[in-house]
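The values are calculated or read from the model by the stated rules, or taken from the named source; none is laboratory data. Just so it is clear, the structure is predicted and the values come from calculations on it, not from any experiment. We place every Cβ from the backbone using ideal geometry, glycine too, and count neighbours over all the protein chains shown. The area values use the complete protein model at the heavy-atom level, side chains included, leaving out ligands, DNA and RNA. Shrake-Rupley method; radii C 1.70, N 1.55, O 1.52, S 1.80 Å.
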Amino acid sequence: DTAVSQTPKYLVTQMGNDKSIKCEQNLGHDTMYWYKQDSKKFLKIMFSYNNKELIINETVPNRFSPKSPDKAHLNLHINSLELGDSAVYFCASSQDGAADTQYFGPGTRLTVL
Amino acid sequence: DQQVKQNSPSLSVQEGRISILNCDYTNSMFDYFLWYKKYPAEGPTFLISISSIKDKNEDGRFTVFLNKSAKHLSLHIVPSQPGDSAVYFCAASDLIQGAQKLVFGQGTRLTINP
């Protein structure tokens, strides 16, 4: 009965490969997010979808492409992986509104060799 | 350009005493401020929040204070317990078309000593 789940939890891959991280939420929320926590532990928003529509798109390389097949899912596809993409990626969801809590998934640790 | 800053990377407090975590921000347009707690290998979990129109919000052992003129907020935990040992992130919220854009500080690692 996990609220926000991500798969896989760990991902180790070679430079140049393409990989996907999946996220699902069972909270009935309208909005989902992807965050990146880099080696310096900064947690920064990458994307946000509201009802399957892209709302927030920070200055992220276009090698990163989020896809939202439905309200409950927001997947992150990364093309041509680079060493600098190594990080922990967190998915989150919330209802509409500034005051609403964002619920985070457990994170996916991506290591690019 | 770091809009939300937590200048103390770590803090050590004795069990039973008060823990005070600080956070500064630069953008006066933020709507809400939030504190998240994070254990290793887990995602951040929401702790407490405060609207930009208030100056204090209390929830059990946790109180958040907001000083808008100083662009400063703090989280007080009293009494501190060993289970409070974690990394605490301060975040500021900007609502964009229904999506809550959170800007996080770099975190403060709190250690509660028995």
Which residue, chosen from B:Q81, B:A99, B:L11, occupies the Cα position most advanced towards the positive end of the dipole of chain B, where the dipole is computed from +1 (Lys, Arg) and -1 (Asp, Glu) charges on Cβ about the Cα centre? B:L11
Relative contact order, percent, of chain A when contacts are C-alpha pairs under 8 Å separated by at least 6 residues? 37
If one builds a Gaussian network model of chain B from Cα atoms under 10 Å apart, the most fluctuating residue listed among B:L21, B:L11, B:L73 is B:L11
Expected output for the range A:47-80, residues with a loss of 40 Å² or more in accessible area relative to the chain alone at probe 1.4 Å, reads A:I55, A:I56
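Keeping all protein chains in place, calculate the accessible area per residue for the protein assembly as shown (probe 1.4 angstrom), answer in Å². List each step's numbers first, then the result.
Working: 10780 Å² over 227 residues.
Accessible area per residue: 47 Å².
Determine the share of chain B's accessible area contributed by carbon and sulfur atoms, expressed in whole percent, with a 1.4 angstrom probe. Can you show the working numbers first?
Values: 2610 of 5410 Å².
Reported share for carbon and sulfur atoms: 48 percent.
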Judged on accessible area alone, 1.4 Å probe, highest first, B:L75, B:L47 line up as B:L47, B:L75
A:T101 accessible area, 1.4 Å probe, all protein chains in place, Å² to nearest 10: 30
Just the Cα atoms of the range B:1-79, one point each, no solvent: what log10 I(q)/I(0) does Debye give at q = 0.11, 0.19, 0.26 Å⁻¹? -0.30, -0.89, -1.43
What figure, in Å² to the nearest 10, do you get for the accessible area of B:Y39 with a 1.4 Å probe and non-protein molecules left out? 80
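Rounded to the nearest 5, what % of the DSSP beta bridges within chain A are antiparallel ones?
Numbers: 36 of 40 bridges.
Approximately 90 percent, going by the DSSP bridge assignments.
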Between chains B and A, the summed loss of accessible surface on complex formation, probed at 1.4 Å and reported to the nearest 100 square angstrom, is 2000
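If you roll a 1.4 Å probe over chain A with all protein chains in place, what percent of the accessible area is carbon or sulfur? Could the numbers behind the result be given before it?
On the way: 2620 of 5370 Å².
Carbon-and-sulfur percentage of accessible area, whole number: 49.
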In whole Å, largest first, what are the principal axis extents of the Cα atoms in the protein assembly as shown? 49, 38, 37
